Amino acid sequence: MITNQVKQKFIEIVGSENYFDSKTERLVYSYDATPNFQSMPDAVIVPSNKDDVASIVKLCNAYHIPIVPRGSGTNLCAGTCPTEGGLVIIFTRMNQILEIDEENLTVTVQPGVITQDLINAVEQRGLFYPPDPSSMKISTIGGNINENSGGLRGLKYGVTRDYVLALEAVLPNGDIIQTGGKLAKDVAGYDLTRLFVGSEGTLCVITEATLKLIPMPETKKTMLALYEDLEAAARTVSSIIANRIIPTTLEFLDQPTLEVVEDFAKIGLPTDVKAVLLIEQDGTADIVEHDMEKIRTICLKEQAKSVQIAKTTEEAAALTAARRAALSALARLKPTTILEDATVPRSEIAKMVKAINEIAEKYNVKICTFGHAGDGNLHPTVPTDARNEEEMERVEKAFEEIFARAIELGGTITGEHGVGVMKAPYLEWKLGSAGISAMKAIKEAFDPNNIMNPGKVFAKETRKRVVVSK
Amino acid sequence: MTTSKEKQIIHDQFKEKMDYDELLNCMRCGFCLPSCPTYIESGLKESHSPRGRIALMKAVVDGIIEPDEDVERTLELCLGCRACEPVCPSGVKYGHLLEEARDIINQNKKHSLPAKVIRKTVFEGLFPHPNRMKFATSLLGFYQRSGIQKIAQKSGVMRLFPETMATMEKVLPKAPTLKEMKNRPEFLEAYGKRNKRVAFFSGCLMDTMFLETNNATTKLLQLAGCDIVIPKQQTCCGALHGHSGEKASAKELAKRNIQAFEELEVDYIITNAGGCGAFLVDYDHLLNKDPEWRERAEAFATKIKDVSSILVEMNFFKKPLKLTPQVITYQDSCHLRNVQGTYFEPRTLLKSIEGVTYVEMKEADRCCGSAGIYNIVESEMSMQILDHKMVNAKATNAKTIVTANPGCLLQMKLGIEREGLSHSVRAIHIVDLLLEAVETASLTTSGNVINLNEDKNDIGLTS
């Protein structure tokens, strides 16, 4: 609850044109891209600088008002759904690229910068920011940092975490702190930068970030390998890695996913095969050539039906763009689309794909699978209907079993989407109770009043493990 | 004010009529956000985005919020440009949702007296009646030719009107005379070899205020080898009604048009206004709950084709086309691009003109802010969008801005006027420019321009 008196104080900080509490404005910030989650905030506020943020946070701390920092609300773990009400902070006015430092190869940005805008800006200078979540045209850097977003280039280049050098953040008591710097080496004290990346808005509000850039790869090639057998495609993934080749991108799409993606993108994707691998390699021309040839041979050896290399950069770009639309395109099938984020070591990818198919059969649910197979990060997705309670229950059970299986294979419950509310009940499966206690201790040290995105990451109850059928 | 009783009725009708599957189809991924002009121009406010509007519609159905003024406002401020549809991977039919929601709100809310009078005049009194449209246009012609316009402009009386209207008054084309408008033939024969038989949807505004453009269109079609049937019984397409929450009237108009065209045995029904074309193409959706009309509407809708599409199909761009050397750019008609999916055809035609340097405008696919009567009723947002558009238009250094819809044409003229560029930059409908290119080419090759007055118009009259 925000009283009138507190509301006036918020308005004093940002002006009445940047504070909203009408039902309409609250409703449109009651959701993110996670299906079946919605909860009204008490108000929405749009600060323009770190001092505004600090004042807002102090006030929230004093009055125990929950804070939900929100980028573009594209996340899939209900991380920015204000499940306990409170204040949603929007960063549309803090969206400046502050500096591109070509000597240190860094870029310093405010949290509201759209990922694609940042990528475009640095690429104009011949520099490269690799993290490229599928939502990058919409998502903000602040959101990417909070969720530790991945992307299609994660296999070779890593995820957001690997590119954050320094952060400016407002702590729950209103203090503004700096972590890290433009340094290649820095071992002074605890690594708070890494702690904050992926903290899902539960520890601080990020107000500025310095990111690492690398030189732009000279060239890039894109390949599509077609398979009549799902598991053969999955085996190829492990085989490529085992042959000591790390492609930039190694994506897996099964047939139902191909169909909906083609329905949207209309670029001539094959829809009559069981699966495809979308493979990219970048680097110097000779290395790319050499690697692509080796990959081609491996694909064919693993029973690929055919291997096609994109002839033009436009053709290649269309392929990756189409892949980025996969999740939303799957929403064409049924009213509700539930996507998960199970991840296994890449050597286990074939086993995981097989397990997903068995689980789908066991619970009689349709599971479409696509994902960043190269880094073991799969997105089994169920097209369903939230109104069908009986089916929803089976879907839930199927996912439980998928997570359980992923962990058995040495994997995890989320590779890039975050825990949020969606995965909170499963976190203990991954961390164990001691792991949860350690994390809770950190949370309490930073945020004793539990105002920072409460209800996320830590579940009230842990889900019991289902019995996994072997 | 919306009274609580009105809100209750609107809520009930939302529950009854809104397509809930379509609302659920939006999985809130946000891919639509960067394409939405009002989201961008409002400073990235989610309430003015397609995702936000869909969430609001759903929330009204779910009973989470009331359909209050704020909800209405977000729906009103939408241009209906449907730029969100082609970028939506889930394929949500946003335009249909918006149309239904606006219809429910409008039919169940008491409008203020002036709004009522204007709506009644426009939607019932004027557009559905071709003769009244002609008469009104002839009044405008009288105003322009009699010298009253000059007096009005000099006296400053136009300053009493909102800025958009005052500027609009300056940029309206020269209205044709009543006689010219009544001269519309019902059949035109192809020049040379006949390759196709088409019907022409002449429209209401296009066949009055933009009569010249309609004449240019039929001329191009004849040159391309089309026999053209122009049924007299056709009427306004109903787009304006459909987009303004007057769905019942739109359906009536649709039925009249379907009847007018259905027994003509033509290959296509040709339109030259992006907005009309998109509405006509959607007749099957408009009448999908009407068993008597559904199939007839489908048959009608599948025949709709924009003039630029048929010209490309008939290889018109291979004909001699020439203009004095100039830079030109093209402003997409939202509905032509986003609903009909026609965007490379106009560009193909323009690029084929000798002497022309075609420069693509940045964000050519972004709405110009015209959107039916939006630029009059939502003047402030419309002008903000237009100013943004003009920055991109000017950056091309084009002397000619080409459009494919009457609303866009007027809006671009408005933009040129606002920028004080009316002496150096012109806006023109694509068919007018193409005809100009045909004439210039024929002048340079044969030394003889095609005589526009002496053609088969008169011979071909069947009435």
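The values are calculated or read from the model by the stated rules, or taken from the named source; none is laboratory data. Every value quoted in this text rests on a predicted model; they were computed, and no experiment measured them. Positions of Cβ are generated from backbone atoms using ideal geometry, with glycine treated the same way; all protein chains shown enter the neighbour counts. The accessibility values were calculated without ligands, DNA or RNA, using every heavy atom of the protein model including side chains. Shrake-Rupley method; radii C 1.70, N 1.55, O 1.52, S 1.80 Å.
Assorted remarks:
- Residue in the stretch B:44-55 that is open to solvent by 30 Å² or more (accessible area, probe 1.4 Å), out of contact with any Leu (no Cβ under 7 Å at 6 or more places or on another chain) and either more than 14 Å from every other protein chain (Cβ to nearest Cβ) or in a loop (DSSP other than H, G, I, E, B) (or both) present: yes
- The stretch B:56-76, subset more than 9 Å from chain A (Cβ to nearest Cβ) and open to solvent by less than 30 Å² (accessible area, probe 1.4 Å), residue nearest to A:Ala33 (Cα to Cα): B:Met57
- Pair list, Cβ under 6 Å, 6 or more apart: the stretch A:447-459 residue assigned by TED's automatic domain parsing to the domain that holds A:Ser30 and of a type in the set (Asp, Glu), other residue open to solvent by 10 Å² or more (accessible area, probe 1.4 Å) and at pLDDT below 95: none
- Residue match in the stretch B:89-98 (condition: among the β-branched types (Val, Ile, Thr), outside any helix (DSSP H, G or I), touching a residue at least 24 places away in the same chain (Cβ under 8 Å) and open to solvent by 50 Å² or more (accessible area, probe 1.4 Å)): no
- One residue from A:Thr271, A:Thr336, A:Thr313 being within 14 Å of chain B (Cβ to nearest Cβ), β-branched (Val, Ile, Thr) and at negative phi: A:Thr336
- Here the condition is being open to solvent by 50 Å² or more (accessible area, probe 1.4 Å), within 14 Å of chain B (Cβ to nearest Cβ) and out of contact with any strand residue (DSSP E or B) (no Cβ under 8 Å at 6 or more places or on another chain); of A:Glu12, A:Glu17, A:Glu103, it holds for A:Glu17 alone.
- B:Leu79 vs. criteria out of contact with any Pro (no Cβ under 7 Å at 6 or more places or on another chain) and either open to solvent by less than 20 Å² (accessible area, probe 1.4 Å) or under 23 Å from B:Arg337 (Cα atoms) (or both): no
- Of all residues in the stretch A:120-137, exactly one satisfies the criterion of being within 14 Å of chain B (Cβ to nearest Cβ) and either touching an Asp or Glu at 6+ places or on another chain (Cβ under 8 Å) or open to solvent by less than 10 Å² (accessible area, probe 1.4 Å) (or both), namely A:Pro133.
- Spans of strands (runs of 3 or more DSSP E) in the stretch B:301-358 with at least 3 residues under 24 Å from B:Glu262 (Cβ atoms): B:304-306
- In the stretch B:113-130, residue surrounded by the most Cβ atoms within 10 Å (Cβ to Cβ) [restricted to those that are assigned to a helix (DSSP H, G or I), in contact with a Lys or Arg (Cβ under 9 Å, 6 or more places away or on another chain) and of a type outside the set (D, E, K, R)]: B:Pro130
- Only listed residue being of a type outside the set (Lys, Arg) and assigned to a loop (DSSP other than H, G, I, E, B), chosen from A:Gly143, A:Gly150: A:Gly150
- Per the listing A:Ser72, A:Ser48, the residue uniquely at the interface with chain B (Cβ under 10 Å from one of its Cβ atoms), of a type in the set (S, T, N, Q) and farther than 23 Å from A:Asp447 by Cβ is A:Ser72.
- Of all residues in the stretch A:159-174, those satisfying the criterion of being in a loop (DSSP other than H, G, I, E, B) and open to solvent by 20 Å² or more (accessible area, probe 1.4 Å) are A:Val159, A:Leu171, A:Asn173.
- Restricting the stretch A:139-156 to residues that are among the hydrophobic types (A, V, I, L, M, F, W, C) and open to solvent by less than 10 Å² (accessible area, probe 1.4 Å), the residue that is modelled with the lowest pLDDT: A:Leu152
Results for (1) open to solvent by less than 10 Å² (accessible area, probe 1.4 Å); (2) outside the structural domain of A:Ala242 (by TED's automatic domain parsing); (3) in contact with a helix residue (DSSP H, G or I) (Cβ under 9 Å, 6 or more places away or on another chain), shown as yes or no for each residue.
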| site | (1), (2), (3) |
| --- | --- |
| A:Glu348 | no, no, yes |
| A:Val353 | yes, no, yes |
| A:Asn357 | no, no, yes |
| A:Phe370 | yes, no, yes |
| A:Pro380 | yes, no, yes |
| A:Met392 | no, no, no |
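- Scanning the stretch B:21-43 for residues that are in a helix (DSSP H, G or I) and either facing chain A (nearest Cβ under 9 Å) or in contact with a helix residue (DSSP H, G or I) (Cβ under 7 Å, 6 or more places away or on another chain) (or both) returns B:Asp21, B:Glu22, B:Leu23, B:Leu24, B:Asn25, B:Leu33, B:Pro34, B:Pro37, B:Thr38, B:Tyr39, B:Glu41.
Conditions tested, residue by residue: (1) part of a loop (DSSP other than H, G, I, E, B); (2) touching a helix residue (DSSP H, G or I) at 6+ places or on another chain (Cβ under 6 Å); (3) buried (at least 24 other Cβ atoms within 10 Å of the Cβ).
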position: B:Leu221; (1), (2), (3): no, no, yes
position: B:Lys232; (1), (2), (3): yes, no, no
position: B:Cys236; (1), (2), (3): yes, yes, yes
position: B:Ala248; (1), (2), (3): no, no, no
position: B:Leu253; (1), (2), (3): no, no, yes
position: B:Glu263; (1), (2), (3): yes, no, no
position: B:Phe279; (1), (2), (3): no, yes, yes
position: B:Asp284; (1), (2), (3): no, yes, no
position: B:Pro291; (1), (2), (3): yes, no, no
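- Candidates B:Arg145, B:Arg102, B:Arg82 - the one that is on the phi > 0 side of the Ramachandran plot and away from every other protein chain (no Cβ under 12 Å): B:Arg82
- B:Ile376 being open to solvent by 20 Å² or more (accessible area, probe 1.4 Å) and under 19 Å from the mean Cα position of the chain (by Cα): yes
- Annotation: B:Gln107 fulfils all but one of (1) within 12 Å of chain A (Cβ to nearest Cβ); (2) touching a residue at least 60 places away in the same chain (Cβ under 8 Å); (3) under 29 Å from the mean Cα position of the chain (by Cα); the unmet one is (1).
- Among the residues of the stretch A:314-355, the one identified as within 17 Å of A:Leu277 (Cβ to Cβ), polar (S, T, N, Q) and modelled with pLDDT of 90 or more is A:Thr320.
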